[in-house]
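The block underneath contains the structure these notes are about, expressed in structure tokens.
Taken together, the values in this text are just the output of simple stated rules run on the coordinates, not laboratory data. Only a predicted model underlies this, so the values are computations on that prediction, with no experimental measurement involved. All Cβ positions, glycine included, derive from the backbone under ideal geometry; neighbour counts span all protein chains shown.
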Amino acid sequence: MSNSHFSAFPFQNLSKLCVHTITTKPWSLEIAAEKYAKAGVKGITVWRDALNGRNPTQAGARIRDQGLSIVSLCRGGFFAGYTATERRAALDDNRRAIAEAHALGAPLIVLVCGAVPGQKLSESRKQIQEGIAAILPDCVAAGVKLAIEPLHPMYADSRSAINTLAQANDMCETLASPLVGVAVDVYHLWWDPALEAEIARCGRLGKLFAYHVCDWRTPTVDLLNDRGLMGEGCIPLRRIRSWVEAAGFKGFNEVEVFSNRLWAINQDDYLQQIVRSYSEFV
């Protein structure tokens, strides 16, 4: 029986709340980890730019000393390229990401899979699949999983040729590796009429590795950096969470917000807004 009209119950605590470092972009990794922990946040997803100039092993230890779980590393991917040289460079960068995740203690890398303007999407998808397959031995050696993140179709020109959960599920089935799964991000997928069915399929496959939340603002004034905080937009967050939980997902709800507007405000106040919005709307 479909539970399309059922909404999940509100969270009673913050035990499943994770925040991406990009969400509070003005803060350094060290400040973010300290502030998240003091606010009661339990998980952190580290963006690779936050590791610049840092030893990832030491950074991971400092994060865990704050009592935070390292949920994932963002991001790998961008496998598509016009030339073999470009595609080899992408593989090298992904191998560096795997090494960083291993040193950091992150069990998962989120993949923004890539696309190139003017190249057929089918060719980009072929290159993405070949790229993931090529780095799987490195993942096995490092004990690091990969999560394919489908992106909204507005990014199909240059950021990802994987634009629906069905496409990500199909690729997971083809690759048939226990280390390859999916990151479901509501910002990219909330509009899809097949979303409930594909989340259920993802659960049956055992491929639902990560769940990202934010909101879709109307109007959206920037196609990349105008995401909303939960409750500011039109995404049915509780309903989608009910589908994710029905599919067997028990991991963190990861707050990932790109927003010039929210990066410009006091980040301590913003973090308190994140905690309130999570409790009220997720």
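Using only helices, what value at 222 nm comes out for the chain when you add -39,500 (n - 2.57) per DSSP H run of length 4 or more and divide by the total residues, to the nearest 500 deg cm²/dmol? Present the calculation step by step, with values, prior to reporting the outcome.
Numbers: 10 runs with 119 residues, N = 282.
It lands at -13000 deg cm²/dmol.
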Notebook entry, point to check: How much length is gained if the chain between Asp65 and Asn260 is pulled fully straight, taking 0.36 nm per residue apart and subtracting their Cα-Cα distance, in nm to one decimal?
Noted result: 67.2 nm
Checklist line | Alpha-carbon centroid distance for the pair the stretch 142-203 / the stretch 113-131, whole angstrom | finding: 15 Å
Notebook entry, point to check: Using a cut-off of 13 Å between alpha-carbon atoms, which aspartates and glutamates can reach Lys42, once sequence neighbours fewer than 8 places away in the same chain are excluded?
Noted result: Glu34, Asp65, Glu254
Notebook entry, point to check: Looking at the stretch 17-281, what % of its DSSP beta bridges pair antiparallel, to the nearest 5?
Noted result: 5 percent
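Using 0.36 nm per residue of separation minus the Cα-Cα distance, give me the extension gain between Ala133 and Ser158 in nm, one decimal. Intermediate values should be presented prior to the final figure.
Values: separation 25, 0.36 × 25 = 9.00 nm, distance 2.12 nm.
Value of the extension gain: 6.9 nm.
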Checklist line | Simple spin-label estimate for Leu223 and Trp191 in nanometres, 7 Å along Cα-Cβ | finding: 1.1 nm
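If you place +1 on the Cβ of every Lys and Arg and -1 on the Cβ of every Asp and Glu, how big does the dipole about the Cα centre of the stretch 17-281 come out, in debye to the nearest 20?
Details: 29 positive and 29 negative charges, 77 e Å.
Here the stretch 17-281 has a charge dipole of around 380 debye.
Determine, for each peptide in 151-159, 195-203, 73-81, the mean count of other beta carbons within 10 angstrom over its residues, then list the peptides with the highest first. Don't jump to the answer; show the numbers that get you there.
Working: 151-159: 16.4, 195-203: 20.2, 73-81: 25.8.
Result, highest mean Cβ count within 10 Å first: 73-81, 195-203, 151-159.
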